[in-house]
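Everything on this sheet refers to the single structure shown next.
Laboratory data are not the source of any read-out in this text; all were calculated from the coordinates shown. No experiment lies behind these values; they were computed from the predicted model shown. Note: ideal-geometry Cβ built from the backbone for every residue, glycine included; neighbour counts use all protein chains shown.
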Amino acid sequence: MSDNMLSLAFWTALLASAVRMAMPLLYAGLGEMISERSGVLNIGMEGVMLCGAFFSFAAAYYTGSLWVGLLCGMAGGAMISLIHGLLCVRGKQNQTVSGLALNMLALGLTSYLYKLMCNTGAHLQTAVLPKVSLPLLSRLPLLGEAFFSQDAMAYIALLLLIVIFVIYRFTRAGLSLSAIGENPMAADAAGIQVEKRQMLCCLLGGLLGGAGGAYLTLAQLGLFSDNMTAGRGYIALAAVILGRYSPTGVFLAAMLFGLANAAQIRLQAATNAIPVQALAMLPYLITLVALLLSSGRSREPEALAKPYIRGGR
Amino acid sequence: MKKASALRRILLYIALVLLAATLLVVASGASPVTAFSVFLKGIFGSKNSFCEVFVKGTPLILTGLACAVAFKTGFFNIGAEGQFYMGAAAAAAVALRCDFLPVVPRVILAFAAGFLAGGLWSLIAAGMKLRFGISEIIVTIMLNYIAINFVGVAVRTFLQDPSSGLPQSERLAAAAVLPRLLAGTRVHLGFPIALALTALVWFIMEKTTWGYEMRVVGLNPRAAQVSGISVAGGVVRSAVLSGGLAGLAGVIEFMAIQKKLLEGFSADCGYTGVLIALLAANKPQLVPVAALVYAAAQVGAAAMQREAGVPSAMVSILIGAVVISILARAWLSSRRKEAAHV
Amino acid sequence: MALLSMEDISISFYGVYANEHVNLEVEAGEVHALLGENGAGKTTLMNILFGIYQAESGRIRWNGKEARFSSPEEAIRAGIGMVHQHFSLVNAKTVLDNILLGYEKAPFFLPRKKLRRQVLELSDRYGLKVDPDALVGDLSIGEKQRVEILKALFRDIQLLILDEPTAVLTPGETDQLFQVLRQLKQKGFAVILITHRMSEIMGNADRVTVLRDGKCVGTLRTADTDAQALSRLMVGRDLTPAANDGGEAAGAPLLKMEHVSVYRSGRKRPALEDVTLTVRESEILGVAGVEGNGQKELAEAIVGIRRRRVKGRIHLKDQELTGTPVLERTRSGMAYVPDDRQHDALVTAMDIGDNLLLHDYSRAPFSRRRVFRRAAIQQNAQAAMEDYRIRSAGSLGAKSPVRLLSGGNQQKVVLAREITPEARFIVASQPTRGLDVSATAFVREKLLEQKRLGKGVLLISADLEEILALSDRIAVMYNGSIAGVLDRKDATMENLGLMMGGMAGRKEAIA
């Protein structure tokens, strides 16, 4: 990359790359946001994404259809989050322990199954979602290539972003779902079925997280490797906090992480003066600082990770 | 009577694990008999491989202790990974840059530095929790990434080996390396150190007033407050001890196995330590057992993969499944209790 | 025809009746008070009506038809609204959103502008001023209560139940509330007011139903009765012969509280207001009153758990303990038996021996240089178990985890720990709650023994029988202040009941 750092081409390419890197985080972040706003903390999002990546890959490989792959990936993610929901929402068990155990389970499961696939000796690769440039919009300077010249899943993600935003801001369902995480007793007293909704939000978190994992295989790489999510699930947790539990915030946070990632790659190639790792640290530091600053008026749902027992202490 | 039913429960778990393991082996196309014999030979077959169990187990004992101490006190330390790296980095800084000191004090200082670094790293999360009420789960995870990247920066800048140009530090002076215990194997002084630390931690938690305070704060912070026991004090002490232990894991891995500081050498033992602590029910005396069992499973499974084609990842499946079944069982037994009350 | 008729309602928990054949009848356009002490069954009865519990026997007739509500949703749909003692509001959301939470008749896409107008209309109509766009977390208690009432009214209810609504309000806010209730009455609503405050009933309710020990003891028109009669019905027991026969006369002043007030964050009204109280050696001072009138804050201020927003001075003998931490007060001779033993006094996962150490673990003989000496700990535990006849679980003895012990045995562990030779002054809060007959007798005898040994005891209890049985003097708490102090021999059901219901003038308790 010998582009001049200040040239438009450089920034356009950077932004486009950032959007691509941000997509899995956006999917997972939105899913985790939905889950956390209903009071369920899913540290197992890493496992959710990993299952999404693997099952979408396996399904796409065996059926030849990327869209079947996506559906299977989402189902794989949902499977993990359903177990989490059963244990934590119905079972009132510790959400952190459950999440970590599920991460390990997912890691083992996906590696195991992939190994079995590899044993057949075939060359494992699938096609990748093609880029679709929207007619006029993709010609916009800077933003055009970044946002309007992406693959179908990216467009779906952006649409979902709008839909989720609208639902939470303007609809009855959104009001109920977000109240549960703040004060489940109040929601219960208002006639909202707390446990059912929490399970639903858990499920949605799993579906979206699975899609996020699927993006890695189906839209980016076309192949799978052990532990390919490499911590993105945990980053999604950070994105939710950084984004202050709002859909647009999660989008911006995902973009920040994506930007850091994209910049890392370019910087690494361009210069050896600053270690890229310093840049990689930045989003996490920013998250910590954001936590500190907002601790006075934290947007974290009041009842996050606290199992709700009706009439209990 | 309680002991008998606990034993029965453990046997039941072992039986279920064996059953699940058999299924996984069969699904991968291997014969259970072959697979299991390879597994056992992989562990017990040679002096070297048997000792590998202790080599792999050593950092797990320490991170397991770290997490057990923290969880017992109600401090959910998921940051053992980051504390591991900070400990290793501090030890590297001392061991590699303080050559003006004779070897033995240098090594001791490196250990101390590693313990302190890990402890302070953990204290950040504790401080944010006590002062601002911020959940330590998220903070420790963020600190993990910061620490990992910090090491990445370190091995490319101030700790880099100027002659190699690779992202790693110089080699540790041979005299400073932790000695091997058994010729022909990799088992090193770190293992007995880990056991000694286990005994020390057990002693602190069960026999000293510090441990008592930590346990009270962890089990019932309100009662602690009412009795005048400082909750903040308990959390701080446990955070420092926990982080320090994880830091020592990093120190020992650096000084015994890697002998130079580089990226990614933790093998996720920080995160695994969490599960080990859970399997050991946060009891210090059970941590080495859980850690060595896990390490043995890793060694055996690696052999199984090499020679019988069974994916070694099945160990992770089994461990994850065991913890999940523990949670599920807790759920079912609480339902039974509820039904009894009605 | 009555709007609501609850007939012969009974419900029990763990074998004890909370409501026993209770009858309640409420008409439209009336404010009906439900009067009773703690544990009389008032909230339980209303929880049955509101669908939170299901009655074991009896009938509910609503609008002439038999009804059974199995959830709050059903009750709300039928037209019953309830404002609980502890508000069910989401702090992070606006007033408008809180009112709309769970509102079934709203369309999927909330027409916030229209609904906002409706809320403002409603608030005007009933005099409940609110800002629909304010965050509930920023509101005062009085304002939050208004939101709760609006929430109920917004749902087309016919009957509004309020559970101890004035417990958290200033006098001014209380007046405003009753104005609102008058408006509702005029517009044809029925209101059930759960309360123990007789002063409020006399001025504002049309009829009152009195509950005592789970049974309904009478329904009267307030115009036909007076506070004395109500207080007799509410308290209604013959004076128990005192287990405390007076005996030793009270000695020198031991604990002195002067002008102590306790403030709570975010609330205007202090939980404890200008309390001056003295407990003497060889004396049991009983603090009576319905729970929630400041008793817990009183205990915590004395013992040192609350220090920061506490004004006034506290002395034990000549030693000033104002502002000192708990440990110092314990070392000076204060002992505390909290009302919530499982959360405040014990670590239930630990064993008996360890629980006995909670104050003294760092001193000899239990530990030396921070290391425990198990022999001394065992000895101490054995002695305590013998002295207090603590029965452990199975054969584990002192190693039994406390959570396996019965309530009575748990309380004995607390007493064994707190009542040491060094303890000169004991604060005992609801000490026999949840205990069986023999454990109760044991605890009471222990407290009397302390008096005989020359110690001072502050006994806080919502159980009047207990207060009457044990106290030399009785102080009654109401609304954060001492309503009055009497010698035991001057105490009658009437004057105690009046003070508990807020009908007596405020008096200061001076030794």
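What residues have an amide H closer than 5 Å to that of C:GLY312, excluding those fewer than 5 places away on the same chain, when H is modeled at 1.01 Å from N in the peptide plane?
Long-range HN contacts for C:GLY312: C:SER261.
Count the net charge of all other residues whose Cβ sits under 12 Å from the Cβ of A:ILE43, scoring Lys and Arg as +1 and Asp and Glu as -1.
Neighbour charge sum, excluding A:ILE43 itself: -3.
For C:LEU150, A:LEU140, which order do you get if you count the other beta carbons within 10 Å of each Cβ and list the fewest first?
Result, fewest neighbours first: A:LEU140, C:LEU150.
Near the amide H of C:LEU254, under 5 Å away, which other amide H atoms are found, from residues 5 or more places off or on another chain, if H is placed in the peptide plane?
Counting only residues 5 or more places away or on other chains, the set is C:VAL279, C:ARG280, C:GLU281.
Report the calculated FRET efficiency for C:ASP487 and C:ALA441 (r = Cβ-Cβ distance, R0 = 41 Å), to the nearest 0.05.
0.95
Cβ under 14 Å from B:GLN305's Cβ, B:GLN305 left aside: what net charge do those residues give with Lys, Arg +1 and Asp, Glu -1?
+1
How high is the relative contact order of the stretch C:4-235, given as a whole-number percent (alpha carbon pairs under 8 Å, six or more residues apart)?
Relative contact order here is 30 percent.
With the alpha-carbon atoms as the only input, what is the per residue convex hull volume for chain A in Å³?
Residue-normalised Cα hull volume stands at 146 Å³.
Pairwise over distinct Cα atoms, reciprocal of the mean inverse distance: report the Kirkwood radius of the stretch C:167-229 in Å, one decimal place.
Its Kirkwood hydrodynamic radius stands at 12.9 Å.
Can you give the helix-only mean residue ellipticity at 222 nm for chain B, where every DSSP H stretch with n ≥ 4 adds -39500 (n - 2.57) and the sum goes over all residues, rounded to the nearest 500 deg cm²/dmol?
Counting only the DSSP helices, I get -25000 deg cm²/dmol.
How large is log10 of I(q)/I(0) for the stretch C:4-235 at q = 0.16 Å⁻¹ when the intensity is taken from the Debye formula with one equal scatterer per alpha-carbon?
Taken in order of the listed q values, log10 I(q)/I(0) reads -1.14.
Can you put A:CYS72, B:CYS51 in order, fewest other beta carbons within 10 Å first?
The most exposed by this proxy come first: B:CYS51, A:CYS72.
When the expected Rg is taken as 2.2 N^0.38 Å, what fraction or multiple of it is the alpha-carbon Rg of the stretch B:19-62?
1.42
Report the FRET efficiency, 1/(1 + (r/R0)^6), for C:LEU120 and C:ARG59, where r is their Cβ-Cβ distance and R0 is 41 Å, rounded to 0.05.
It comes to 0.55.
Before anything else, pin down the relative contact order of the stretch C:347-421: Cα pairs under 8 Å, at least 6 apart, normalised by residue count, whole percent.
Once divided by the residue count of the stretch C:347-421, the mean separation gives 39 percent.
Which one, A:PHE10, B:PRO179, A:TYR168, projects farthest toward the positive side of the charge dipole computed for the protein assembly as shown from Cβ point charges (K/R +1, D/E -1)?
B:PRO179
If the cut-off is a Cα-Cα distance under 23 Å, which lysines reach A:LYS196, setting aside same-chain residues fewer than 8 apart in sequence?
Result set, ordered by chain and number: A:LYS92, A:LYS306, B:LYS337, C:LYS93, C:LYS105.
If I histogram all Cα-Cα distances within the protein assembly as shown using bins 10 Å wide from 0, what percent of pairs lands in each bin?
Going from the shortest bin to the longest, the percentages are 2, 9, 15, 19, 19, 16, 11, 6, 3, 0, 0.
Provide the three semi-axes, in whole Å and in decreasing order, of the ellipsoid equivalent to the stretch C:347-421 as defined by the square roots of 5 times the Cα gyration tensor eigenvalues.
Sorted largest first and rounded, they come to 20, 13, 11 Å.
Quick check on chain C: helices-only [θ] at 222 nm, where DSSP H runs of length 4 and up contribute -39,500 (n - 2.57) each and the sum goes over total residues. Nearest 500, please.
The per-residue figure over chain C is -9000 deg cm²/dmol.
I'd like the Karplus ³J(HN,Hα) series for the stretch C:391-399: coefficients 6.51, -1.76, 1.60, θ = phi - 60°, whole numbers in Hz, and an x wherever there's a Gly or Pro.
Once θ is set to phi - 60°, the couplings for the stretch C:391-399 become 9, 9, 7, x, 9, 6, x, 5, 8 Hz.
Which residues does the label zone of C:THR420 cover in the stretch C:374-405, counting backbone N under 14 Å from a point 7 Å along Cα→Cβ?
Within reach of a label on C:THR420, which here means backbone N under 14 Å from a point 7 Å along Cα→Cβ, the stretch C:374-405 contributes C:377, C:380-381, C:384.
Using only Cα atoms, find the angle between the long axis of helix A:194-214 and the longest principal axis of chain A, and express it within 0 to 90 degrees, rounded to the nearest 10.
10 degrees
Rounded to a whole number, what is D in µm²/s for the stretch B:90-222 from Stokes-Einstein with the Kirkwood radius over alpha-carbon pairs (4 °C, 1.567 mPa s)?
Stokes-Einstein gives a translational diffusion coefficient of 72 µm²/s.
How would you rank C:SER140, B:SER333, going from fewest to most other Cβ atoms within 10 Å of each one's own Cβ?
Neighbour counts put them in this order, fewest first: B:SER333, C:SER140.
By how many nm would the segment from C:ARG267 to C:ARG182 grow when fully extended, if each residue of separation counts as 0.36 nm and the alpha-carbon distance is taken off?
Separation in residues times 0.36 nm, less the Cα-Cα distance, equals 28.0 nm.
Could you tell me what percent of the DSSP beta bridges with both partners in the protein assembly as shown are antiparallel, to the nearest 5?
Taking every DSSP beta bridge with both residues in the protein assembly as shown, the antiparallel ones total about 60 percent.
Could you size up the charge dipole of the stretch C:406-480 around its Cα centre, putting +1 on the beta carbon of Lys and Arg and -1 on that of Asp and Glu, and report it in debye to the nearest 20?
My answer is approximately 240 debye.
Quick one: what are the phi-derived ³J(HN,Hα) couplings along the stretch C:44-51, Karplus 6.51/-1.76/1.60 with θ = phi - 60°, whole Hz, x for glycine and proline?
4, 4, 5, 5, 5, 4, 8, x
Report the equivalent ellipsoid semi-axes for the stretch C:1-134 in whole Å, largest first, defined as the square roots of five times the eigenvalues of the gyration tensor built from alpha carbon atoms.
That gives 32, 17, 15 Å for the three semi-axes.
What's log10 of I(q)/I(0) for chain B at q = 0.08 Å⁻¹, Debye sum over Cα points only, no solvent?
The Cα Debye sum returns log10 ratios of -0.42.
Name the lysines eligible as straight-distance cross-link partners of B:LYS56: C-alpha to C-alpha under 25 Å, and not fewer than 8 places from it in the same chain.
A:LYS115, B:LYS41, B:LYS47, B:LYS72, B:LYS259, B:LYS260, B:LYS283
Take the Cβ-Cβ distance between B:ALA27 and A:ALA152 as r, set R0 to 41 Å, and report the resulting FRET efficiency rounded to the nearest 0.05.
Once the sixth-power term is evaluated, E becomes 0.75.
Grab every C-alpha pair in chain C, bin the distances at 10 angstrom width from 0 up to the longest one, and report whole percents.
4, 17, 25, 24, 18, 9, 3, 0
Work out, in µm²/s and without decimals, the Stokes-Einstein translational diffusion coefficient of the stretch C:44-88 at 10 °C, 1.306 mPa s, Rh from Kirkwood over C-alpha pairs.
146 µm²/s
Taking Cα pairs under 8 Å and at least six residues apart, what relative contact order does the stretch A:7-155 come out at, in percent?
The normalised contact order for the stretch A:7-155 reaches 28 percent.
Using a 10 angstrom cutoff on alpha carbons, build the Gaussian network for chain B and name the most mobile of B:GLY309, B:GLY87, B:GLY300.
The residue that fluctuates most here is B:GLY309.
Run the numbers for B:LYS283 and B:LEU182: contour at 0.36 nm per residue of separation, minus the present Cα-Cα distance, in nm.
33.4 nm
For C:SER481, enumerate residues with amide H under 5 Å from its amide H, sequence gap 5+ or separate chain, H modeled in the peptide plane.
Amide H neighbours of C:SER481, under 5 Å, 5+ apart: C:GLU273.
Give or take rounding to whole Å, what are the principal axis extents of the alpha carbon atoms in the stretch C:1-46, in descending order?
Sorted largest first, the three principal extents are 37, 20, 11 Å.
Karplus couplings for the stretch A:53-61 from phi (6.51 cos²θ - 1.76 cosθ + 1.60, θ = phi - 60°), rounded to Hz, Gly and Pro as x?
Once rounded to whole Hz, the list reads 4, 5, 5, 5, 5, 4, 5, 5, 5.
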